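J.: Shown below is the structure under consideration.
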Amino acid sequence: MLGKDATKRIEKVLSDASREYFLDTIPDITFPEDINISLQVTKDPKNGDLTSNVAMRLASLGKVSPVAMGQGIVDVFKTKIQGTPIGRIIERIEIKGGFINFSFDKQYYQNLLKSIRSKGKEFGRSEYGLLKKVNLEFVSANPTGPLTVAHGRQAAIGDALSRILRFNGYNVTAEYYLNDMGRQINLLGESVRTRYRNVLGKDDPMPEDGYMGSYINEIAQAILKKKGKELLEDNPGNRDFFRKFAVAYIMDLIENDLRDFGVKFDTWTPQSKIELSNAVEKTLDLLEEEGYIYNNEGAKWFASSKLGDDKDRVVVKTGGEYTYLAPDIAYHADKYSRGYSDIIDILGPDHHGYIRRMKAAVQALGRDKKSLNILIVQLVTLLRGGESVSMSTRKGEFVSLRELIDELGRDVTRFFFLSRRLDSHLDFDIDLAKKGSADNPVFYMQYAHARICSIKRFSGKRWISRIFSKVDLTLLEAEEERKLIRKLAEFPFSVISSAEALEPNKIIVYLNELARLFHSFYTECRVVSDDRKLSDSRLYLVECVRIVLSNGLKLLNITLPEKM
């Protein structure tokens, strides 16, 4: 079988040919052994099927013409593939503007379809990230209220990214960092305590910046049911109970919402575990020994400006309390101590300034700053009736993730959260999400899948392996068929590209285009007709589309209906 397998072999031969030609013609310059020589799908079929920019990259080192470098590499490449299976499927190799473009014959695409059919749910899987152990932290919402739509977007992106990375061979741990200490948690406890006392007739005002949502009343009622009036006395023990009970209550809500949203975490790490183990103190002591912590005006400062930050940061206040940065540095040190080679943090848009200081902290810990990727997910604006929905967690004015799931369903909600790049603001149009027309991207995708299932039911016994094993794929010559097959060939590249960019939206873009081409194929090419051989060939193609649609959507943890 060929397809992505053939691509890997071409990349290997191209790499060998590039090295051989470079060393023969430019012997006084060391060949860059770490150069990543890979193939990409061309945007325009006129430029072939696959392309590589290796000639331009090597030409810049040798200070020669990219075209001359490319032609030399191609000449060596051709000698290496002569008489091989690879040589038989490559129809043409051209040099255009320094790019080496490869065009394949029909056999390549016929073998690709057979590869999709034989590999099934494994088609598109790669070992791109083999041996890399990744810690992927996402959501990590403070347990001060139910999950919002902003948290929901982060959850959808993080969960999809974990699946995409695993499909590419990475060893991924999905982690939730539970901020169960600090000012906001204390304020939560005080807010619940105030409402508890209000229910019992006490006229206590809510603390300044207290949490006003109806869920605070629900927690207070739960405590009243459990404890009665016994917590009216004001003492540290009772205040501690309110705080801990509120955190546990809200975390139960959060875990239920995430489970119903299809999101599962491998590890939950509380901030209290980091702080109470003296890990923060030990980490700061280590950084001080390395010369990155200094004292100034009674506070301790992290000299992050030495490592690329715009200014130094306080880690211990004059009163001895840690700033939020201190436990975060210790938490990342803990991640590295668990053997992770790469750390990915998915955070909200108010964390842009966090990137440089944490990159500096990683370097101070003796790690490569490139091993830390901080992805900033932009906000979501909910639209209903063309108007934006006001949201404020502290004031209790917000639409929760739970409400959105209940109204639209898990799959539609996830699809819309993934419909834009994570660094782009998302306008989530609830009315559009409910629409049953081609304007709705979810409906468009669902209709493609349901249409395939309808074809499968209509074809009956013809949709079986015995028929498919005898199919004549040379009959797939219509323009719509060729476009659809070429798009199927792009799936493995789309999966790797998504992992490289840490961007699940690339899969959505690919699947939308695949659905569009399938609808066009279905409109122009009658699948089941009196021409039995052609019908069987088209049924085979439709089955390959179903497999790729299914594989892509599983990476996004989205299911599709079989009937509409």
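The values are calculated or read from the model by the stated rules, or taken from the named source; none is laboratory data. Just so it is clear, the model here is predicted, and its values are computed rather than measured. Virtual Cβ from ideal backbone geometry, glycine too; neighbours counted across all protein chains shown.
J.: Considering only the range 247-302, how many residues are on the phi > 0 side of the Ramachandran plot and free of Cβ contacts under 8 Å to residues at least 40 places away in the same chain? Even if it seems obvious, please write down each step before you answer.
T.: First, pick out the residues of the range 247-302 that are on the phi > 0 side of the Ramachandran plot: 262, 278, 291, 297-298.
Next cut, free of Cβ contacts under 8 Å to residues at least 40 places away in the same chain only: 278, 291, 297-298.
Residues in the range 247-302 being on the phi > 0 side of the Ramachandran plot and free of Cβ contacts under 8 Å to residues at least 40 places away in the same chain: 4 in total.
J.: Same structure again: Go over the candidates Asp49, Asp44 one by one and state the one that is in contact (Cβ under 8 Å) with a residue 24 or more places away in the chain and either under 26 Å from Phe491 (Cα atoms) or assigned by TED's automatic domain parsing to the domain that holds Leu484 (or both).
T.: Asp49 is the lone residue from the list that is in contact (Cβ under 8 Å) with a residue 24 or more places away in the chain and either under 26 Å from Phe491 (Cα atoms) or assigned by TED's automatic domain parsing to the domain that holds Leu484 (or both).
J.: Which ones in the range 530-564 are under 30 Å from Thr474 (Cα atoms), in contact with a helix residue (DSSP H, G or I) (Cβ under 7 Å, 6 or more places away or on another chain) and charged (D, E, K, R)?
T.: Selection gives Lys533, Asp536, Glu543, Arg546, Glu562.
J.: How many of the residues making up the range 461-484 are modelled with pLDDT under 75 and either within 13 Å of Ser535 (Cβ to Cβ) or of a type in the set (D, E, K, R) (or both)?
T.: The initial filter retains those residues of the range 461-484 that are modelled with pLDDT under 75, namely 461-469.
Pick out the ones that are also either within 13 Å of Ser535 (Cβ to Cβ) or of a type in the set (D, E, K, R) (or both) and you get 461-463, 466-468.
Here the count works out to 6.
J.: Let me ask something additional. Cβ-Cβ under 6 Å, sequence separation 6+ or interchain: first residue in the range 205-218 and closer than 19 Å to Val399 by Cα, partner at pLDDT below 95 and surrounded by fewer than 16 Cβ atoms within 10 Å (Cβ to Cβ). Which pairs?
T.: Met212/Lys395; Met212/Gly396; Gly213/Gly396
J.: Same structure, new question: Does at least one position in the range 419-427 carry a residue that is assigned to a loop (DSSP other than H, G, I, E, B), buried (at least 20 other Cβ atoms within 10 Å of the Cβ) and modelled with pLDDT of 90 or more? Before the answer, list the steps.
T.: Looking only at the range 419-427, we keep the residues that are assigned to a loop (DSSP other than H, G, I, E, B), and these are 419-425.
Now narrow it down to the ones that are buried (at least 20 other Cβ atoms within 10 Å of the Cβ): 422.
Now narrow it down to the ones that are modelled with pLDDT of 90 or more: 422.
Yes: one or more hits.
J.: Which residue out of Lys335, Lys369 is modelled with pLDDT of 95 or more and touching a Gly at 6+ places or on another chain (Cβ under 9 Å)? If you could, list the steps in order and put the result at the bottom.
T.: On the way: Lys335 fails: touching a Gly at 6+ places or on another chain (Cβ under 9 Å).
The unique qualifying residue is Lys369.
J.: Restricted to the range 513-535, and to residues that are in contact with a Ser or Thr (Cβ under 9 Å, 6 or more places away or on another chain) and in contact (Cβ under 8 Å) with a residue 60 or more places away in the chain, which residue is nearest to Leu484 (Cα to Cα)?
T.: Val527
J.: In the range 66-102, which residues are small (Gly, Ala, Ser) and either free of Cβ contacts under 8 Å to residues at least 12 places away in the same chain or outside the structural domain of Ile10 (by TED's automatic domain parsing) (or both)?
T.: Ala68, Gly83, Gly87
J.: Quick check on the range 248-259. Is at least one of its residues more than 25 Å from Ser162 (Cβ to Cβ), part of a helix (DSSP H, G or I) and assigned by TED's automatic domain parsing to the domain that holds Tyr176?
T.: Taking the range 248-259 as the starting set, the residues that turn out to be more than 25 Å from Ser162 (Cβ to Cβ) are 248-249.
From the residues that got through so far, the ones that are part of a helix (DSSP H, G or I) too are 248-249.
The next check asks that each one be assigned by TED's automatic domain parsing to the domain that holds Tyr176; those that pass are 248-249.
Yes, some residue in the range 248-259 is more than 25 Å from Ser162 (Cβ to Cβ), part of a helix (DSSP H, G or I) and assigned by TED's automatic domain parsing to the domain that holds Tyr176.
J.: Among (1) under 24 Å from Asn505 (Cβ atoms); (2) part of a loop (DSSP other than H, G, I, E, B), where does Gly339 come up short?
T.: Of the numbered conditions (1) under 24 Å from Asn505 (Cβ atoms); (2) part of a loop (DSSP other than H, G, I, E, B), the odd one out for Gly339 is (1).
J.: Does the range 74-83 contain at least one residue that is out of contact with any helix residue (DSSP H, G or I) (no Cβ under 7 Å at 6 or more places or on another chain) and among the basic types (Lys, Arg)? Let's see the steps before the verdict.
T.: Just the residues of the range 74-83 that are out of contact with any helix residue (DSSP H, G or I) (no Cβ under 7 Å at 6 or more places or on another chain), to begin with: 74-75, 78-79, 82-83.
Filter once more, keeping what is among the basic types (Lys, Arg): 78.
Checked the range 74-83: at least one residue is out of contact with any helix residue (DSSP H, G or I) (no Cβ under 7 Å at 6 or more places or on another chain) and among the basic types (Lys, Arg).
J.: Do the conditions hold for Ile157, that is, is it of a type in the set (Val, Ile, Thr), under 16 Å from the mean Cα position of the chain (by Cα) and not assigned by TED's automatic domain parsing to the domain that holds Leu50?
T.: On the way: of a type in the set (Val, Ile, Thr): yes; under 16 Å from the mean Cα position of the chain (by Cα): yes; not assigned by TED's automatic domain parsing to the domain that holds Leu50: yes.
Yes; evaluated as a whole, the condition is true for this residue.
Quick grid of which residues meet (1) loosely packed, with under 15 Cβ neighbours inside 10 Å; (2) closer than 30 Å to Ser419 by Cβ; (3) basic (Lys, Arg):
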site	(1), (2), (3)
Val76	no, no, no
Pro85	yes, no, no
Phe102	no, no, no
Gln107	no, no, no
Ser126	no, yes, no
Leu131	yes, no, no
Val139	no, yes, no
Asn142	no, yes, no
Pro146	no, yes, no
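J.: Can you tell me which condition Pro492 does not meet? The list is (1) touching a Gly at 6+ places or on another chain (Cβ under 9 Å); (2) modelled with pLDDT of 95 or more; (3) not acidic (Asp, Glu), and all the others hold.
T.: Of the numbered conditions (1) touching a Gly at 6+ places or on another chain (Cβ under 9 Å); (2) modelled with pLDDT of 95 or more; (3) not acidic (Asp, Glu), the odd one out for Pro492 is (2).
J.: Counting only residues that are β-branched (Val, Ile, Thr) and under 31 Å from the mean Cα position of the chain (by Cα), which one in the range 94-119 is nearest to Val548 (Cα to Cα)? Full working, then the answer.
T.: Initial filter on the range 94-119 (β-branched (Val, Ile, Thr)): 95, 100, 116.
Now narrow it down to the ones that are under 31 Å from the mean Cα position of the chain (by Cα): 100, 116.
Details: Ile100: 28, Ile116: 8 Å.
It comes out as Ile116.
J.: Further question on the same structure: Kindly indicate whether any position in the range 206-229 is in contact with a helix residue (DSSP H, G or I) (Cβ under 7 Å, 6 or more places away or on another chain), among the hydroxyl-bearing types (Ser, Thr, Tyr) and closer than 23 Å to Gly182 by Cβ.
T.: Yes; the residues of the range 206-229 include at least one that is in contact with a helix residue (DSSP H, G or I) (Cβ under 7 Å, 6 or more places away or on another chain), among the hydroxyl-bearing types (Ser, Thr, Tyr) and closer than 23 Å to Gly182 by Cβ.
J.: Pick out the one residue from Ile185, Ile157 that is within 16 Å of Asp345 (Cα to Cα), of a type in the set (Val, Ile, Thr) and assigned to a helix (DSSP H, G or I). Lay out the reasoning, then the answer.
T.: Working: Ile185 fails: within 16 Å of Asp345 (Cα to Cα).
Unique residue meeting the criteria: Ile157.
J.: A further question follows. What is the residue count in the range 343-353 for residues that are farther than 17 Å from Thr269 by Cβ, of a type outside the set (Gly, Ala, Ser) and touching a residue at least 24 places away in the same chain (Cβ under 8 Å)? Full working, then the answer.
T.: Here is the first cut: in the range 343-353, the ones farther than 17 Å from Thr269 by Cβ are 348-353.
Still in the running and of a type outside the set (Gly, Ala, Ser): 349-352.
After this cut, where a residue has to be touching a residue at least 24 places away in the same chain (Cβ under 8 Å) as well, the list is 349, 351-352.
Residues meeting the conditions: 3.
Yes or no, residue by residue, for (1) in contact with a Lys or Arg (Cβ under 6 Å, 6 or more places away or on another chain); (2) closer than 13 Å to Thr144 by Cβ:
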| residue | (1), (2) |
| --- | --- |
| Arg197 | no, no |
| Lys202 | no, no |
| Met206 | no, no |
| Met212 | yes, yes |
| Ile219 | no, yes |
| Ile223 | no, no |
| Leu232 | no, no |
| Gly237 | no, no |
| Ala246 | no, yes |
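J.: While we're on this one: Within the bounds of the range 274-282, is there any residue that is surrounded by 14 or more Cβ atoms within 10 Å (Cβ to Cβ) and hydroxyl-bearing (Ser, Thr, Tyr)?
T.: Restricting attention to the range 274-282, the residues satisfying the condition of being surrounded by 14 or more Cβ atoms within 10 Å (Cβ to Cβ) are 274-275, 279-281.
Those left that are additionally hydroxyl-bearing (Ser, Thr, Tyr): none.
Scanning the range 274-282, I find no residue that is surrounded by 14 or more Cβ atoms within 10 Å (Cβ to Cβ) and hydroxyl-bearing (Ser, Thr, Tyr), so the answer is no.
J.: In this structure, does Thr173 turn out to be part of a strand (DSSP E or B), among the β-branched types (Val, Ile, Thr) and modelled with pLDDT of 95 or more? If you could, list the steps in order and put the result at the bottom.
T.: Working: part of a strand (DSSP E or B): yes; among the β-branched types (Val, Ile, Thr): yes; modelled with pLDDT of 95 or more: yes.
Yes; evaluated as a whole, the condition is true for this residue.
J.: Consider Met56 against the criteria (1) in contact with a Pro (Cβ under 7 Å, 6 or more places away or on another chain); (2) at positive phi: it satisfies all of them except one. Which criterion is unmet?
T.: (2)
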